[in-house]
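Colleague: Following this message is one structure expressed as structure tokens.
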Amino acid sequence: MSNMILHNIDAEQALLGALILDNSVIDNIPDNFYSYHFSAVIHSKIFDTICKIRDYGSVADPITITAHLKADDTFQKNGGQKYLLDLVEGVISLSNVSDYANIIYDLYLRRQIVEIADRSIKKTQLLDSKEKANDIIELVEKDLYDLVTGTSAVSRLVSFSDALSESIESAAEAFKRDSKIVGVTTGFKLIDKSLGGLHNSDLMVVAGRPSMGKTAFATNIAFNAAKAKLNGQSEGTGVVFFSLEMSAEQLATRILASESGISSDAIRRGEIPKDSFDKFVSISQELEKLDLFIDDTPNITLNQIRNRARKLKRQRGIGLIVIDYLQLVETSGSKRGSENRVQEISEITRTLKGIAKELNVPVLALSQLSRAVEQRDDKRPQLSDLRESGSIEQDADVVMFVFREEYYKSRKEPAEGTIEHSKWESEMEKVYNRAEIIVAKQRHGPIGTIKLFFDGRLTKFGNLLDN
């Protein structure tokens, strides 16, 4: 095995040279390509730097790359800026970057297969090992599965000084903003104040029983973040919304209804008032400018979510991923069944958290709640109500519940003309058009309950005037 040639330096240099010469060709690289696929450490570092500079919205050229890597010993030992210039000088074609990437990726897989084989051989030859042959087979199967699905661990060793610098930069950025939030805005003042915005690399779960408004709440957040970006606000961002339950057209209609003040039902039937039509058209044209992307692929898998989000992050700079909802996400090659459902949900939440960290964006995932809520007099959800798996609570950085007492009270109307009915009307006034967002878990701050306005006709949440 040691005599096998499992790298192609020419392909690696050709790919990097093309990227430096024309940053835009990075979009031609397959979704499953990462910096650790390079065999040479210096090439991994250059590729990572190009991606980082691009994420900042700048151009990656020999000067900017050198500025980022000037203190790196590996970069300097390989010639520094002169090496970058040589890479550009050696470019033969810009159209072959996809082929170069495929060559590099294939050789990476071969190296990993050799490593897996070597490890299994060593384990097999250790006669005094406590591991049985079946245990070794299971380990090999897991290693090969991780390799195929792209979930094998990648080391990200960060010094404390670098981590501290990132923390200080985040605090400084929040200080500069009028909103005083460091993350992506939700569009809701008190929620932003409580959470500090939606933080990069965080997995946030929004849960609730049916008809509480989970999808409406997530849609409102996605729209608010995209609109803030359109308005030039630093806390705004592009959004990708993976909708596994509703079609893209249905979600778009909801947003259009929310902004135009015309109900979704009326829009679908074409019942738009004549005096509102011009406004309706104007709002439609404005919404078309939003960096809001909807993927309504049914039975979408975790790998598809990761790859599509990664591509949108690279191409369009999206900074928020929304998933409605996580119980509908498919795990690769898995079969649905109650006996392994808990394990599947654990894999889903763990992978979504990994996607949040890998892409350095917040992931907002909706979740169902168990029917246990309905058995209690107080219908407000608790963490123990999260359906099918404690891993949701464990993996999530933030857990929020959507609760509308109006929904339950409206279904308990006593007979008209009775004392009970008068009391019921008084109670309904207090909860009419009111929703509670219960922050039940937050790694970065306090828990608590935030009250919002909710218009069921328009499926629109809003800040209360008295907040």
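The values are calculated or read from the model by the stated rules, or taken from the named source; none is laboratory data. The structure displayed is predicted, hence computed values, not measured ones. Glycine also receives a Cβ, built like all others from the backbone with ideal geometry; neighbour counts cover every protein chain displayed. Ligands, DNA and RNA are excluded from the accessible area calculation, which covers all protein heavy atoms including side chains. Shrake-Rupley method; radii C 1.70, N 1.55, O 1.52, S 1.80 Å.
Colleague: Let me know the charge dipole size of the chain about its Cα centre in debye, to the nearest 20, where only the beta-carbon of Lys, Arg (+1) and Asp, Glu (-1) is charged.
Modeller: 540 debye
Colleague: Run through every distinct alpha carbon pair of the chain and return the Kirkwood hydrodynamic radius in angstroms, one decimal place.
Modeller: Mean inverse Cα-Cα distance, inverted, gives 25.2 Å.
Colleague: Could you pull out every residue, at least 5 positions away or on a different chain, whose amide H is within less than 5 Å of the one on Ile294? Hs are placed 1.01 Å off N in the peptide plane, and Pro or chain starts have none.
Modeller: Here the answer is Phe241, since their amide H atoms fall under 5 Å of that of Ile294.
Colleague: Right, next: For the chain, give the percent of accessible area contributed by carbon and sulfur heavy atoms, probe 1.4 Å, rounded to a whole number.
Modeller: Carbon and sulfur together cover 51 percent of it.
Colleague: Keeping every protein chain present and rolling a 1.4 Å probe, give me the accessible area per residue for the chain in Å².
Modeller: Averaged over the residues of the chain, the accessible area is 53 Å².
Colleague: Tell me which GluC sites (Glu not before Pro) from segment 213-273 have a DSSP coil assignment and no more than 16 other beta carbons within 10 Å of their own.
Modeller: Numbers: sites: Glu235, Glu245, Glu249, Glu259, Glu271; in loops: Glu235, Glu245, Glu271.
Taking segment 213-273 and a limit of 16 other Cβ atoms within 10 Å, the loop GluC sites (Glu not before Pro) found are Glu245, Glu271.
Colleague: Right, something else. Greater than 21 Å separation of Cα atoms is the criterion. Which listed pairs, Lys353/Lys441; Lys229/Lys451; Lys379/Lys409; Lys227/Lys274, meet it?
Modeller: Too far apart for the 21 Å limit: Lys229/Lys451; Lys227/Lys274.
Colleague: Scale the Cα Rg of segment 326-467 by the rule-of-thumb value 2.2 N^0.38 Å and send over the ratio, two decimals.
Modeller: The value comes to 1.29.
Colleague: Computed FRET efficiency, Cβ-Cβ of Arg110 and Glu286, R0 56 Å: what is it to the nearest 0.05?
Modeller: Given R0 = 56 Å and the Cβ-Cβ separation, E is 0.65.
Colleague: How about segment 211-299: which trypsin sites (Lys or Arg not before Pro) there lie in a loop by DSSP and see at most 15 other Cβ atoms within 10 Å?
Modeller: Lys289
Colleague: Going by amide H atoms built from the backbone, whose H comes under 5 Å of the H on Gly238, apart from near neighbours?
Modeller: Gly319
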